[in-house]
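Working notes for the structure below.
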């Protein structure tokens, strides 16, 4: 790979906070928090640098030597998050988090590339709407529910951790 | 919508809140006072019948035959949101959905689903879904001396300051499957905050019986991600929401962890902000 792949641009809102990047994907209603390591690689993707240049940029920003695998792992995470132009990704290898951690040592654990993901719920998920123990019915025509609460039309199901009745 | 419009509408209320014009109509005049009582804080009546959004309450009752009962129905435009045999539940849910609409579409403020109190010139936000124990913790904070700002929504301006939205607290004193009971802040011997405050602390927590309060501190980016989960307009206006949340998460401490007893945690939270 001579040049890093381009980030996927349409429908993205990006905000930088203390070295991290928060990215909102309006097409999929997903939000991502890129830690400083992944954020640096993302910026290198924007300017179409080579993997070696991305590594050198990381070394400058983080103030220590960085193995190439960190760049590949960051790219892998960005690709999994769907934040890269799919047609452009052809990483030569996909190192695991464990392999990278071993090379970085314990002191480098905080620099391991991490992308945290959130599925942004619709506004109606905030409705205090659920089963009425008195009537044994759910009055709301609402797919989202409060995690752990009883849900469903006849209140026989339990609300799953993702906020859907299951 | 045509079918709905042909029903006999006995009463209508039009109001403006957060730059939005909203109408509520009902099929019986007896619910007029109840509808006026469920309007969002700061709502003011408008004369124009033109509204951005129309809610309709079809009041149920005895049916045409013995043993048949007409349900109470709540609509937002043509979409049915609620059907229930209990008028109280229909009114409660009408209130929830009117406030949700305002919270999602507000033109100037960003609404975060969170309880809020003020303490020593700074706001403490407790974001959380329904049944997470948010109201119980807010009540404990108020009883411990914090000023009450909201039980339901944190209203943020473009500088990330938190404004009051002082609706009565909704406490589920009879269990999670029972409707909440409303308590005014005066009933809790508390006071209501009046001026906007910068956020000092965001507490992301959920009640779990027996859990110890050992929160971890989140970075501003992770904090913003967590708050997007509770920002009502996150899907509708992500750019504006992120712009309002950014100064908040940069200045405030963000803690996340399970909690047990609300009283113990309330004291520790206030201590964290110089209590």
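General remarks:
- Any hit, segment B:152-163, residues being surrounded by 18 or more Cβ atoms within 10 Å (Cβ to Cβ), assigned to a loop (DSSP other than H, G, I, E, B) and more than 13 Å from every other protein chain (Cβ to nearest Cβ): no
- Members of segment A:2-13 found to be within 14 Å of chain B (Cβ to nearest Cβ) and either closer than 11 Å to residue B:221 by Cα or over 15 Å from the mean Cα position of the chain (by Cα) (or both), listed by number: A:10, A:11
- Any hit, segment B:54-64, residues being part of a loop (DSSP other than H, G, I, E, B), under 18 Å from the mean Cα position of the chain (by Cα) and surrounded by 14 or more Cβ atoms within 10 Å (Cβ to Cβ): no
- Residues that are facing chain A (nearest Cβ under 7 Å) and surrounded by fewer than 24 Cβ atoms within 10 Å (Cβ to Cβ), drawn from segment B:103-118: B:104
- Going through (1) over 17 Å from residue B:242 (Cβ atoms); (2) surrounded by 16 or more Cβ atoms within 10 Å (Cβ to Cβ); (3) modelled with pLDDT of 90 or more one by one, residue A:32 falls short only on (1).
- Residue count for segment B:131-151 satisfying the condition of being within 19 Å of residue B:255 (Cα to Cα), out of contact with any strand residue (DSSP E or B) (no Cβ under 6 Å at 6 or more places or on another chain) and within 11 Å of chain A (Cβ to nearest Cβ): 0.
- Residue that is modelled with the lowest pLDDT [pool: residues in segment B:205-220 that are surrounded by fewer than 11 Cβ atoms within 10 Å (Cβ to Cβ) and on the phi < 0 side of the Ramachandran plot]: B:209
- The set of residues in segment B:27-53 that are within 26 Å of residue B:169 (Cβ to Cβ), without any contact (Cβ under 8 Å) to a residue 40 or more places away in the chain and surrounded by 18 or more Cβ atoms within 10 Å (Cβ to Cβ) contains only B:43.
- Within segment B:194-215, considering residues that are outside any strand (DSSP E or B) and within 17 Å of residue B:114 (Cβ to Cβ), the one nearest to the other protein chains (Cβ to nearest Cβ): B:215
- Restricting attention to segment A:35-74, the residues that are touching a strand residue (DSSP E or B) at 6+ places or on another chain (Cβ under 7 Å), more than 14 Å from chain B (Cβ to nearest Cβ) and either surrounded by fewer than 21 Cβ atoms within 10 Å (Cβ to Cβ) or touching a residue at least 60 places away in the same chain (Cβ under 8 Å) (or both) add up to 1.
- Output for segment A:75-95, where each listed residue is exposed (fewer than 15 other Cβ atoms within 10 Å of the Cβ), modelled with pLDDT of 70 or more and assigned to a loop (DSSP other than H, G, I, E, B): A:82, A:85, A:93, A:94
- Scan of segment B:216-275 for residues that are touching a helix residue (DSSP H, G or I) at 6+ places or on another chain (Cβ under 8 Å), more than 27 Å from residue A:29 (Cβ to Cβ) and not in a helix (DSSP H, G or I), ordered by number: B:253, B:259, B:275
- Segment A:119-166, subset touching a helix residue (DSSP H, G or I) at 6+ places or on another chain (Cβ under 7 Å) and more than 7 Å from chain B (Cβ to nearest Cβ), residue modelled with the lowest pLDDT: A:142
- Taken together, B:81, B:125, B:100 contain a single residue that is modelled with pLDDT of 95 or more and crowded, with 22+ Cβ neighbours inside 10 Å, which is B:125.
- Subset tally (residues that are more than 14 Å from residue B:207 (Cβ to Cβ) and out of contact with any strand residue (DSSP E or B) (no Cβ under 7 Å at 6 or more places or on another chain)) for segment B:256-274: 4
- Residue check for residue B:93: at the interface with chain A (Cβ under 10 Å from one of its Cβ atoms), under 16 Å from the mean Cα position of the chain (by Cα) and closer than 15 Å to residue B:55 by Cα: yes
- Matching option when the condition is in contact (Cβ under 8 Å) with a residue 24 or more places away in the chain and closer than 23 Å to residue A:125 by Cβ, among B:180, B:198: B:180
- Condition met for residue A:113 (touching a helix residue (DSSP H, G or I) at 6+ places or on another chain (Cβ under 6 Å), modelled with pLDDT of 75 or more and in a loop (DSSP other than H, G, I, E, B)): yes
The values are calculated or read from the model by the stated rules, or taken from the named source; none is laboratory data. Owing to the predicted nature of the structure, the values given are computational and were not obtained by experimental measurement. We place every Cβ from the backbone using ideal geometry, glycine too, and count neighbours over all the protein chains shown.
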